[in-house]
Amino acid sequence: MKDFRYLDKVATLRLNKDACVGCGMCVTVCPQRVVHLNGKKAEIMDLDGCMECGACTMNCPTGAIAVTPGVGCAAYIIQTWLKGKDKASCGPDCC
Ligand code: SF4
Ligand code: SF4
């Protein structure tokens, strides 16, 4: 899934390290390997790889990691597959 990229610097993923207990659930469920454990704390390693699926948020026992699922533009991602990244768009007319 490493080729599955989202728009740069727009993912809504947020991590509250103070609330993280280091259980590793977010690391286990993330299909994009966006999150890693650094010691006993989660760390966002690849924000632009986040596709806002919400799996980490749903499985975090403390609410330390949050994302707004569905904000991501699936149409843009599909267009990058079909037309290439240069011709894909995620504006008001794309879907
Ligand atoms: S929302 Fe999905 S892709 Fe993004 S960090 Fe969480 S599990 Fe990974
Ligand atoms: S699931 Fe939540 S508490 Fe567990 S490592 Fe991830 S952010 Fe921390």
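Here are a few things to note about the model shown:
- Count of segment 2-32 residues which are at pLDDT 95 or above and either surrounded by fewer than 16 Cβ atoms within 10 Å (Cβ to Cβ) or of a type in the set (D, E, K, R) (or both): 9
- Among residues of segment 58-69 that are within 13 Å of Val29 (Cα to Cα), those with a Cβ under 8 angstrom from a residue that is of a type in the set (S, T, N, Q) and exposed (fewer than 13 other Cβ atoms within 10 Å of the Cβ), sequence gap 6+ or separate chain, pair up as Asn59/Thr28.
- Selection of segment 11-49 for residues being in contact with a helix residue (DSSP H, G or I) (Cβ under 9 Å, 6 or more places away or on another chain), part of a loop (DSSP other than H, G, I, E, B) and near ligand 1 (Cβ under 10 Å from one of its atoms) yields Ala11, Leu13, Cys30, Pro31, Gln32, Arg33, Val34.
- Members of segment 55-72 found to be surrounded by fewer than 15 Cβ atoms within 10 Å (Cβ to Cβ) and modelled with pLDDT under 95, listed by number: Met58, Thr68, Pro69, Gly70, Val71
- When residues in segment 17-33 are screened for being closer than 20 Å to Leu7 by Cα and within 11 Å of ligand 2 (Cβ to nearest atom), 1 of them pass.
The values are calculated or read from the model by the stated rules, or taken from the named source; none is laboratory data. Owing to the predicted nature of the structure, the values given are computational and were not obtained by experimental measurement. Glycine also receives a Cβ, built like all others from the backbone with ideal geometry; neighbour counts cover every protein chain displayed.
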